[in-house]
1. Give the stretch 23-43 a look and list any residue that's surrounded by fewer than 15 Cβ atoms within 10 Å (Cβ to Cβ) and either among the hydroxyl-bearing types (S, T, Y) or within 17 Å of A79 (Cα to Cα) (or both), or say none.
2. What are the residues in the stretch 33-81 that are on the phi > 0 side of the Ramachandran plot and touching a Pro at 6+ places or on another chain (Cβ under 7 Å), if any?
3. Can you name the number of the only condition in (1) at pLDDT below 95; (2) within 19 Å of the chain's Cα centre (by Cα); (3) surrounded by 13 or more Cβ atoms within 10 Å (Cβ to Cβ) that Q20 fails?
4. Answer with yes or no whether E7 is within 30 Å of L111 (Cβ to Cβ) and surrounded by 17 or more Cβ atoms within 10 Å (Cβ to Cβ).
5. How many residues, within the stretch 51-77, are without any contact (Cβ under 8 Å) to a residue 60 or more places away in the chain, in a helix (DSSP H, G or I) and either surrounded by fewer than 16 Cβ atoms within 10 Å (Cβ to Cβ) or over 17 Å from the mean Cα position of the chain (by Cα) (or both)?
6. Of everything in the stretch 1-50, what is under 23 Å from P70 (Cβ atoms) and assigned to a loop (DSSP other than H, G, I, E, B)? Give them in sequence order.
7. Is one or more of the residues making up the stretch 99-106 closer than 26 Å to Q6 by Cα, of a type outside the set (S, T, N, Q), modelled with pLDDT under 85 and surrounded by fewer than 14 Cβ atoms within 10 Å (Cβ to Cβ)?
Amino acid sequence: MQLLAQEEYGLRCLLQVARQRGPDPLTIPEIAEREGLSPEYAAKLMRALRQTELVVSTRGAGGGYRLARPAHEITAWQAIQALGGSLFPAEFCDSHPGLRHDCVHSTGCSLRGLWGSVESAIRSVLEAVTIAELARDDSVLHAIEAPPHEPKANAAR
């Protein structure tokens, strides 16, 4: 599993909008410049965020983007969903059938359960982090602790 560039850059653009101070909205050229993106790509990302109602846009002179609601009401998970959807969509397994038309593990697949558990764990972390927290600084990342990893005993010993 990997985070796609669209989710990474889209989240960064959303953070730029959240960090904007003052009454003026943030324009596409400003967002693109701050993130080192082309204006066209920044516009595409902002369109996805607007279509899912995380940001609102104002057209014309003095226009640009603002958050659709307070940053503390928007989670990192909502942004990821807006930008790319599920980490392991229902059709994920359908796209890995091997040489056959249908997967040989169409029923009782333990890997499907594993991917569902991984997505659930990732979702829990991302739902616990708001855009307001991310916009402040990276200390929020230190506040979220992963469960301790306990190595399994080697059965072969």
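1. S38 - this is the single residue of the stretch 23-43 that is surrounded by fewer than 15 Cβ atoms within 10 Å (Cβ to Cβ) and either among the hydroxyl-bearing types (S, T, Y) or within 17 Å of A79 (Cα to Cα) (or both).
2. The initial filter retains those residues of the stretch 33-81 that are on the phi > 0 side of the Ramachandran plot, namely 36, 53, 60, 62, 64.
Within the stretch 33-81, just G64 meets the criteria.
3. Of the numbered conditions (1) at pLDDT below 95; (2) within 19 Å of the chain's Cα centre (by Cα); (3) surrounded by 13 or more Cβ atoms within 10 Å (Cβ to Cβ), the odd one out for Q20 is (2).
4. It is true that E7 is within 30 Å of L111 (Cβ to Cβ) and surrounded by 17 or more Cβ atoms within 10 Å (Cβ to Cβ).
5. Matching residues across the stretch 51-77 total 2.
6. Result: Q20, R21, G22, P23, D24, P25, T27.
7. Step one: filter the stretch 99-106 for residues closer than 26 Å to Q6 by Cα, giving none.
No; the residues of the stretch 99-106 include none that is closer than 26 Å to Q6 by Cα, of a type outside the set (S, T, N, Q), modelled with pLDDT under 85 and surrounded by fewer than 14 Cβ atoms within 10 Å (Cβ to Cβ).
Quick grid of which residues meet (1) at pLDDT below 85; (2) touching a helix residue (DSSP H, G or I) at 6+ places or on another chain (Cβ under 9 Å); (3) surrounded by 12 or more Cβ atoms within 10 Å (Cβ to Cβ):
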site: A79; (1), (2), (3): no, yes, yes
site: E91; (1), (2), (3): yes, no, no
site: G108; (1), (2), (3): yes, no, no
site: W115; (1), (2), (3): yes, yes, yes
site: V118; (1), (2), (3): no, no, yes
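The values are calculated or read from the model by the stated rules, or taken from the named source; none is laboratory data. None of these values were measured; they are calculated from a predicted model. Note: ideal-geometry Cβ built from the backbone for every residue, glycine included; neighbour counts use all protein chains shown.
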